[in-house]
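Reviewing the structure listed below.
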Amino acid sequence: MEEEKKPRPRSASIGGARAISTVLLVVAVAFAGWTGFLWLRASSDDSRAYVADRDAVLQTGYRDIATLTSLDYRQPDAGLKRWADVSAGPLHEQLAQTSQPTKQQLAAAKTVTTGTVVDASVTELDARAGTATVIASVRVVVTPVSGKPVTKRNRLRAELMRTADGWKLSSLGQVPMGGV
């Protein structure tokens, strides 16, 4: 004799589905909470701000050191304005004081200098104080009005300061070359 299969009560299958739904909901809420916590922690992480400052300083160093090592005797006013635009603090004041003698020297020398930063590195960064130091290897091509261009290689150290307009160079000088 064949046993009759008894149908499962409907309430038991609904109860199982409800339990699975509840577990899935709890897992989804826990996952959303955890990822929200991680996102919040990452967005307020000081190291992200430090990395952004370091990158801005390095980019400014590359661009502005090249600017300060480039000048065309035929357009001294434009060149000196570019120098003023990328400088701040003591360097800016020094450039403002020496602009007329520099124009006269350039006119007499009749050279065009073009600086290119070959490599640079941020060696110091104090984001709270708004100061930084960059060292750079610079290739400067000096082209006289008559004659062949001469390439010079310099190692420069630049101090930067944060201004309302972003990072600017506050000093620029040679790094002494020494024997190893």
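Select from segment 155-179 the residues that are surrounded by fewer than 16 Cβ atoms within 10 Å (Cβ to Cβ) and part of a strand (DSSP E or B) and write down the one among them that is nearest to the chain's Cα centre (by Cα).
GLY166
Identify, from the list ALA56, ALA49, ALA42, the residue that is surrounded by 10 or more Cβ atoms within 10 Å (Cβ to Cβ), modelled with pLDDT under 70, within 54 Å of the chain's Cα centre (by Cα) and of a type in the set (A, V, I, L, M, F, W, C).
From the options ALA56, ALA49, ALA42, the qualifying one is ALA42.
Show the residue pairs that are 6+ apart or on different chains and have beta-carbon atoms under 8 Å apart, the first residue being within segment 92-113 and over 14 Å from LEU71 (Cα atoms), the second being modelled with pLDDT of 80 or more and among the charged types (D, E, K, R).
Final answer for the pair search is HIS92/LYS168.
With the condition kept exactly as written, say whether any residue in segment 93-110 is out of contact with any helix residue (DSSP H, G or I) (no Cβ under 9 Å at 6 or more places or on another chain), among the acidic types (Asp, Glu) and not in a strand (DSSP E or B).
Scanning segment 93-110 turns up at least one residue that is out of contact with any helix residue (DSSP H, G or I) (no Cβ under 9 Å at 6 or more places or on another chain), among the acidic types (Asp, Glu) and not in a strand (DSSP E or B).
Among (1) at pLDDT 95 or above; (2) buried (at least 16 other Cβ atoms within 10 Å of the Cβ), there is one condition ASP119 misses while meeting the rest; what is its number?
(2)
Within segment 64-87, restricting attention to residues that are part of a strand (DSSP E or B) and in contact with a Gly (Cβ under 8 Å, 6 or more places away or on another chain), which residue is farthest from ASP119 (Cα to Cα)? Write out each step before concluding.
As a first pass, look at segment 64-87 and keep what is part of a strand (DSSP E or B): 71-72, 87.
Imposing the further condition that a residue be in contact with a Gly (Cβ under 8 Å, 6 or more places away or on another chain) reduces the set to 71-72.
On the way: LEU71: 20, ASP72: 23 Å.
Filtering first and then ranking leaves ASP72.
Before we move on, is LEU106 surrounded by 11 or more Cβ atoms within 10 Å (Cβ to Cβ), touching a Ser or Thr at 6+ places or on another chain (Cβ under 7 Å) and at pLDDT below 90?
Judged against the criteria, LEU106 is not a match.
Scanning for something within 14 Å of LEU68 (Cβ to Cβ), in contact with a Phe, Trp or Tyr (Cβ under 8 Å, 6 or more places away or on another chain) and surrounded by 12 or more Cβ atoms within 10 Å (Cβ to Cβ), does segment 127-147 turn up at least one residue?
Yes; the residues of segment 127-147 include at least one that is within 14 Å of LEU68 (Cβ to Cβ), in contact with a Phe, Trp or Tyr (Cβ under 8 Å, 6 or more places away or on another chain) and surrounded by 12 or more Cβ atoms within 10 Å (Cβ to Cβ).
Give me the pairs, please: first residue somewhere in segment 114-138 and more than 11 Å from LEU160 (Cα to Cα), second residue anywhere and of a type in the set (S, T, N, Q) and outside any strand (DSSP E or B), beta-carbon distance under 6 Å, and either six or more positions apart or on two chains.
Short answer, once both residue conditions are applied: THR114/SER70; GLY115/THR69; GLY115/SER70; VAL138/THR69.
The values are calculated or read from the model by the stated rules, or taken from the named source; none is laboratory data. The model shown is predicted, which means the values in this text are computed figures rather than measured ones. Glycine gets a Cβ as well: all are built from the backbone with ideal geometry, and neighbour counts include every protein chain shown.
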